[in-house]
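Take a look at the structure set out below.
The values are calculated or read from the model by the stated rules, or taken from the named source; none is laboratory data. Fair warning: this is a prediction, and the values are worked out from it, not measured in the lab. Because the Cβ atoms are built from the backbone with ideal geometry, glycine has one as well, and the counts that use them run over all protein chains shown.
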């Protein structure tokens, strides 16, 4: 699938002045972010929060009616990338630092296939 050329939104910096569907979407994204951050532990493969975040975001978008397909299919078809171009780095879970990809054995850990924004 071609890489999106535009971003759909960055709801991490967005708010709603009304209690409406958009406010519910923001609340759901925030809850997903907090749940993902709570699972981060020392020794966790740096790729896992990124992959989990795409799945969580796809689930939120499906529940909100933005995506018609389920979360797993949406991730497989790279749909969340239009909404989540930057991966986890702007959510406090990763930094743009290549050293995160260093393995304990001295090599590097490859980015997950289809996820070029993973730090």
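I want to confirm something. Restricting to region 67-105 and keeping residues that are over 16 Å from the mean Cα position of the chain (by Cα) and at pLDDT 70 or above, which single residue is farthest from residue 49 (Cα to Cα)?
Looking at residues that are over 16 Å from the mean Cα position of the chain (by Cα) and at pLDDT 70 or above, I get 68.
Filter region 42-66 down to the residues that are loosely packed, with under 15 Cβ neighbours inside 10 Å and either in contact with a helix residue (DSSP H, G or I) (Cβ under 6 Å, 6 or more places away or on another chain) or at pLDDT below 85 (or both) and list them by number.
Scanning region 42-66 gives 42, 43, 44, 45, 64.
Of the residues 32, 23, 28, only one is in a helix (DSSP H, G or I), modelled with pLDDT of 90 or more and surrounded by fewer than 16 Cβ atoms within 10 Å (Cβ to Cβ); which? Give the derivation first.
Numbers: 32 fails: surrounded by fewer than 16 Cβ atoms within 10 Å (Cβ to Cβ); 28 fails: surrounded by fewer than 16 Cβ atoms within 10 Å (Cβ to Cβ).
Testing whether each residue is in a helix (DSSP H, G or I), modelled with pLDDT of 90 or more and surrounded by fewer than 16 Cβ atoms within 10 Å (Cβ to Cβ) leaves just 23.
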